[in-house]
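First the structure, in the form of structure tokens, and then the observations on it.
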Amino acid sequence: MEYTHIPVLLDACIQALAIQPEGVYVDGTLGRAGHSREIAWRLTTGRLICIDRDQAALDAAQERLAPWMDRVTLLHGNFSDLTELLDSAGVDQADGMLFDLGVSSPQLDDAARGFSYMQDAPLDMRMDTSAPLTADMVVNTWSQEELRRILFEYGEERYAPAIAKAICRARETRPIATTLELVDIIKGAMPPAALREKQHPAKRSFQAIRIAVNGELDALPPMLNAAVDKLAPGGRLAVITFHSLEDRIVKRTMADLARGCTCPPEFPVCVCGKKPRLKLLTRKPVVAGETELAENPRARSAKLRVAEKCPPPDKPPFGMENLL
């Protein structure tokens, strides 16, 4: 089959990474390898490290990246373990890293994976099929209060209390087994006006359960900090998010890493010694234009943020020489 996958914000990502043919790059969310293909063919003596927690993505990449496998290393793992993964591949520093967050197109398109609220399948939603926690366990064993919390916090679902109550009431009779069973329960807990909204009524709840199953938000701050540790000075970090919770975490973490001195303003000189680790290259996120949206509607919610690692300070901060 001809390869026709359209990666989100591809041109912006390639421009952001400023790829050098001899550089070392990391695609921390391989997926369908669309971004990886564009990076790999630009390399000559360089190297590309591709990471994914979904073994199916790594298996498919063997064919999709076949012309460039001499410069590609495939790693199975969660990007929250970025330091250990790159150490295992012998990578001390990288010139650029890209993370395309959220569920990948193959996972959405494969009904059997249980990510979709449009097709019936067992409740699974695991990005890594070897992971122990499934959507079935969340839906059928978590308390009503915990369900309410994740629906509200991760899905920003305003009807979270009613949906959590309906789920717990339904499972008293028998376990909730499939995605469409869950969809019916969610719909039944929502008022008629909510069912008439343009967005599918189960979208926010499915997002929340998926995030909980895969620990997606918890993994972001450690991944971003590890990425900065592993970037060479001047190296670029590019992150694509797909919902406000992810974008908020990425924005806040990048801003913290780009902040320098934290001393009180009344101090005459800096004594904290904190230096910026990143330089923000996108004050506002890059979003898809109309042309891309016409070709790839899934890009509508995508936001790209880019930063560059600062060079190390030339000398210790004032007053800190004797402490180093």
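The values are calculated or read from the model by the stated rules, or taken from the named source; none is laboratory data. Everything quoted here is computed from the prediction, not taken from an experiment. Every residue, glycine as well, gets a Cβ built from its backbone with ideal geometry; the counts of neighbours run over all protein chains shown. Each accessible area value is taken on the protein alone, full model and side chains, heavy atoms only, with ligands, DNA and RNA left out. Shrake-Rupley method; radii C 1.70, N 1.55, O 1.52, S 1.80 Å.
Listed conditions (1) in contact (Cβ under 8 Å) with a residue 40 or more places away in the chain; (2) surrounded by fewer than 16 Cβ atoms within 10 Å (Cβ to Cβ); (3) not in a loop (DSSP other than H, G, I, E, B) are all met by Ile6, apart from (3).
For the stretch 153-235, which fully contained helices (runs of 4 or more DSSP H) count at least 1 residues that are touching an Asp or Glu at 6+ places or on another chain (Cβ under 8 Å)? Full working, then the answer.
Working: elements: 160-171, 179-189, 192-195, 203-214, 216-230.
Counting at least 1 such residues, we get 160-171, 179-189, 203-214, 216-230.
Residues checked against (1) under 22 Å from the mean Cα position of the chain (by Cα); (2) in a helix (DSSP H, G or I); (3) surrounded by fewer than 18 Cβ atoms within 10 Å (Cβ to Cβ):
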{"residue": "Pro21", "(1), (2), (3)": "no, no, yes"}
{"residue": "Ser36", "(1), (2), (3)": "yes, yes, no"}
{"residue": "Arg42", "(1), (2), (3)": "no, no, yes"}
{"residue": "Leu48", "(1), (2), (3)": "yes, no, no"}
{"residue": "Gln62", "(1), (2), (3)": "no, yes, yes"}
{"residue": "Trp68", "(1), (2), (3)": "no, yes, yes"}
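Taken together, Arg248, Arg305 contain a single residue that is touching a Ser or Thr at 6+ places or on another chain (Cβ under 9 Å) and free of Cβ contacts under 8 Å to residues at least 12 places away in the same chain, which is Arg248.
Scanning the stretch 245-268 for residues that are assigned to a helix (DSSP H, G or I), open to solvent by less than 50 Å² (accessible area, probe 1.4 Å), over 22 Å from Leu30 (Cα atoms) and not hydrophobic (A, V, I, L, M, F, W, C) yields a single hit, Thr253. Restricting attention to the stretch 70-114, the residues being at pLDDT 95 or above, of a type in the set (Asp, Glu) and either under 21 Å from the mean Cα position of the chain (by Cα) or over 21 Å from Leu17 (Cβ atoms) (or both) number 5.
Any residue in the stretch 89-102 that is closer than 22 Å to Val8 by Cα and acidic (Asp, Glu)? Give the steps one after another, and end with the answer.
The initial filter retains those residues of the stretch 89-102 that are closer than 22 Å to Val8 by Cα, namely 95-102.
From the residues that got through so far, the ones that are acidic (Asp, Glu) too are 95, 100.
Yes, some residue in the stretch 89-102 is closer than 22 Å to Val8 by Cα and acidic (Asp, Glu).
Applying a threshold of 6 Å to beta carbon distances and a minimum spacing of six or more residues, or different chains, the list of pairs starting in the stretch 161-186 at a residue that is farther than 16 Å from Ser143 by Cβ and ending at one that is crowded, with 18+ Cβ neighbours inside 10 Å and among the β-branched types (Val, Ile, Thr) reads Leu182/Ile176; Ile185/Ile167; Ile186/Ile163.
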